[in-house]
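Accompanying notes for the structure given below.
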Amino acid sequence: MEKLTAQQPSISHPLSSLTEAEINTAVSAIKSEKTLSEMAAFPLIALQEPDKEEVLKFTPGKAFQRKAFLVIYERSLNKTYEGIVDLRSKTLSSWKEIPSVQPALVSSEYELATQVVKADSRWQKAMQRRGITDFDQVKISWWAPGILSQKEEATGNRLCRGLFYYKGKGWNYYGSPIEGVVATVNLNTGKVASLVDSKNVPFSKENWNYDVKSLDKLLSPLKVLKIFQPNGQSFQIQDNEISWQGWKFRYSMHPRNGLMLYQVAYNDGENIRPVLYRASLSEMVVPYGDPEPNWSFRNAFDVGEYNLGVLANTMELGKEIPENGVLLNAVFANEQGEPYKIPGVIGIYERDRGMLWKHYEYNTQRNDVRRSRELVMKMTVAIDNYDYSINWIFHQDGTLEVQNELTGIVLAQGTAAQKQSEDDSYGRLIAKNIFGVNHQHFFNYRLDLDVDGQANSVMEMNVKALPMDEKNPLGNAIAVTETPLAKETVAVRDLDMKSSRQWMIVNADKKNALGAAPGYMLMSGGNSMFFPVEGSKIRQRAEFATHHLWVTKYKPAELYAGGDYPNQTQPGQGLPKYIADDESLLGEDIILWYTMGVTHIPRSGGLAGDACSQSGFQLIPRGFFSRNPAINLPE
């Protein structure tokens, strides 16, 4: 992280990212018009996205509005405010208090909570009871409080909970959890609200470091594999707009959502045709499956509770991004409202993906084949022990793919066990004294699709086998039905393997060469059901994760599947509220919200450097082109 001193490039488009000068202007406008305390924090400063119609009508050189959106938290008052600053006039155009909400945690609160807990005599005694007298050897991981008790809910105080690890001689402390101790800190008063010291469990004292020097034996090195493009990359970058193989789109790095796409369109040789207006990760939730009280509160909303975007980290060519890639920077603001730059936080590169298409003709022995090239935009983020990457992948055939990668270190539970027990149904022993708890990772993506324009509808396709009768004497008939999802409450749907269920977004106002509506198909990858049961607290808070698909009519303020402020939130926020007015979805500007989940049952040996698992989906053209747009690629 580095502070900025030089002016950023000029702002050429309404969706250009905020510059450091604009961030300074926004904060100065707030401070000049509102009296803020020394404890005031800015958990979020981002571009206030302009009106969608204004963006769609924008032409280069035309004047446009420019605004910043800010969240301000006064910790001493326990109050949250939202402000909008007009960056042209340098004035505050909107200011309102948002009652009874808690914004994302900020780094100074972790520091405050650490000081408070380590000075607490109860905590010190808990450590001493476990043979720990050097408190500098204890590392604290601070979480949003998750599931609250009735007493905690009643106070409305801003809370965080601390999990403890023994550092010892190694730097990878995640393998040595100090089980049975959880501290809850009241961030408004700066005091320990409660301390649980329930059981004294042995913790692992092994060295779990995984750097090259710490490992006993290294594998034989592979022979060098070089990836290079001697004539340079095939994509072009202008400001925040990227062009490649018919695709054109804009990108942004949002402090909450992370890597976002805007105005994705495809040039079919005759027309530049819109596919989607805005696409981003909207929310995540990670519920842990042990009912023990020290674990049952652990349900992380990684986007809204921690601001996922600002947790993104610098990548390196030849590591996260291959050598032929390009690294891009991002500008954020810290909690004091000061701009800073994270270098190399976005990676873009081309990669080979094997065959794009092929046919071998036996009669003539003709072999036609083309290799597939993809354009990948990537960000990586570390959220405490877990690491994620978000990849937007553009295909030559008009397909847009999302691929999430999950890796990092398992959140470990301390145990006295040395061997796996048949009673360990809540997880698996992954090493001596280390237990991995069953958990899930759910991601919700907000997709503002504009397939050939804004008048879109969603069709659900279900396949079924027909019974044997006089029309189907051999019983081989397979039939497909298409049903429009006409209203928001009807369009809350789940995947169904029995019917090979799929969803297609079509523009009924347009017709392709065959007289059908052009569309894009949402093709799911691996997925899971949300396992917390009906009536559970986390199911009420993360209702977006209970269904795979939601569809809503476009409303610019409806951005987050779990609600604007998921930290210490009330049940039913986000998508359940968005569909309450049950708007029509036929021929409308609509939003698809797709939820995908990974169920993680830890395995032995999987503590550190957990191998990447993947989860994703594709948006595939269906009737959008007259033929494969990559059919005419040269050999």
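The values are calculated or read from the model by the stated rules, or taken from the named source; none is laboratory data. Being a predicted model, the structure only gives us computed values, none of them experimental. Cβ sites come from the backbone with ideal geometry, for glycine too, and all protein chains shown count toward neighbours. Just the protein is used for accessible areas: all its heavy atoms, side chains included, with ligands, DNA and RNA removed. Shrake-Rupley method; radii C 1.70, N 1.55, O 1.52, S 1.80 Å.
Here T552 qualifies as buried (at least 17 other Cβ atoms within 10 Å of the Cβ) and of a type in the set (V, I, T).
Which ones in the range 451-482 are closer than 27 Å to V264 by Cβ and not charged (D, E, K, R)? Show your work before the answer.
To start, the set of residues in the range 451-482 that are closer than 27 Å to V264 by Cβ comprises 451-461, 482.
Across the range 451-482, the qualifying residues are V451, G453, Q454, A455, N456, S457, V458, M459, M461.
From the list A557, A508, which one is part of a loop (DSSP other than H, G, I, E, B) and either touching a residue at least 24 places away in the same chain (Cβ under 8 Å) or open to solvent by less than 10 Å² (accessible area, probe 1.4 Å) (or both)?
From the options A557, A508, the qualifying one is A508.
Yes/no matrix, rows are residues, columns are (1) of a type in the set (D, E, K, R); (2) in a loop (DSSP other than H, G, I, E, B); (3) modelled with pLDDT under 95; (4) surrounded by 12 or more Cβ atoms within 10 Å (Cβ to Cβ):
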{"site": "Q420", "(1), (2), (3), (4)": "no, yes, yes, yes"}
{"site": "D424", "(1), (2), (3), (4)": "yes, yes, yes, yes"}
{"site": "R428", "(1), (2), (3), (4)": "yes, no, yes, yes"}
{"site": "V458", "(1), (2), (3), (4)": "no, no, no, yes"}
{"site": "N472", "(1), (2), (3), (4)": "no, yes, no, yes"}
{"site": "N476", "(1), (2), (3), (4)": "no, yes, no, no"}
{"site": "T481", "(1), (2), (3), (4)": "no, no, no, no"}
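The residues of the range 325-350 that are among the charged types (D, E, K, R) and assigned to a loop (DSSP other than H, G, I, E, B), listed by number, are E335, E338. All conditions but one from (1) at pLDDT 95 or above; (2) under 27 Å from the mean Cα position of the chain (by Cα); (3) of a type in the set (A, V, I, L, M) apply to M1; the one that does not is (1).
Per the conditions (1) open to solvent by 10 Å² or more (accessible area, probe 1.4 Å); (2) farther than 18 Å from F235 by Cβ; (3) in a strand (DSSP E or B), the sole criterion not satisfied by R353 is (2). When the residues of the range 536-549 are filtered to those that are in a loop (DSSP other than H, G, I, E, B) and either among the hydrophobic types (A, V, I, L, M, F, W, C) or more than 16 Å from the chain's Cα centre (by Cα) (or both), the one that is surrounded by the fewest Cβ atoms within 10 Å (Cβ to Cβ) is S536.
Within the range 495-503, not a single residue is out of contact with any strand residue (DSSP E or B) (no Cβ under 6 Å at 6 or more places or on another chain), more than 30 Å from L585 (Cβ to Cβ) and open to solvent by 60 Å² or more (accessible area, probe 1.4 Å). Against the numbered list (1) over 29 Å from G289 (Cβ atoms); (2) out of contact with any Asp or Glu (no Cβ under 9 Å at 6 or more places or on another chain); (3) not aliphatic (A, V, I, L, M), W503 comes up short only at (2). Here is a check on your reading of the model: is N271 free of Cβ contacts under 8 Å to residues at least 40 places away in the same chain and closer than 29 Å to G453 by Cβ? Spelling it out, N271 is indeed free of Cβ contacts under 8 Å to residues at least 40 places away in the same chain and closer than 29 Å to G453 by Cβ. Listed by first and then second residue, the pairs with beta-carbon distance under 7 Å, at least 6 apart or on different chains, first residue in the range 450-476 and over 30 Å from R278 (Cα atoms), second outside any loop (DSSP other than H, G, I, E, B) and open to solvent by 60 Å² or more (accessible area, probe 1.4 Å), are V463/I478; V463/V480; A465/I478.
Scanning the range 617-635 for residues that are in contact with an Asp or Glu (Cβ under 6 Å, 6 or more places away or on another chain) and either part of a strand (DSSP E or B) or charged (D, E, K, R) (or both) yields one hit, Q618.
Taking into account only those residues within the range 177-206 that are in a loop (DSSP other than H, G, I, E, B) and without any contact (Cβ under 8 Å) to a residue 60 or more places away in the chain, which is most open to solvent (accessible area, probe 1.4 Å)? Spell out the reasoning first.
Step one: list which residues in the range 177-206 are in a loop (DSSP other than H, G, I, E, B), which gives 178-180, 187-190, 198-206.
Of the ones still in play, those that are also without any contact (Cβ under 8 Å) to a residue 60 or more places away in the chain are 189, 199, 205.
Details: T189: 81, K199: 83, K205: 157 Å².
Per the criteria, the residue is K205.
If you check V533, V451 for being under 30 Å from Q150 (Cβ atoms), assigned to a loop (DSSP other than H, G, I, E, B), of a type in the set (V, I, T) and within 29 Å of the chain's Cα centre (by Cα), only one passes: V533.
Where in the range 362-408 are there strands (runs of 3 or more DSSP E), lying fully within it, with 1 or more residues that are among the aromatic types (F, W, Y) and within 26 Å of P287 (Cβ to Cβ)? Talk me through it step by step, then tell me what you get.
Details: elements: 366-383, 386-395, 400-408.
Answer list for the range 362-408: 386-395.
Scanning the range 295-324 for residues that are assigned to a helix (DSSP H, G or I) and open to solvent by 10 Å² or more (accessible area, probe 1.4 Å) yields S296, V310, L311.
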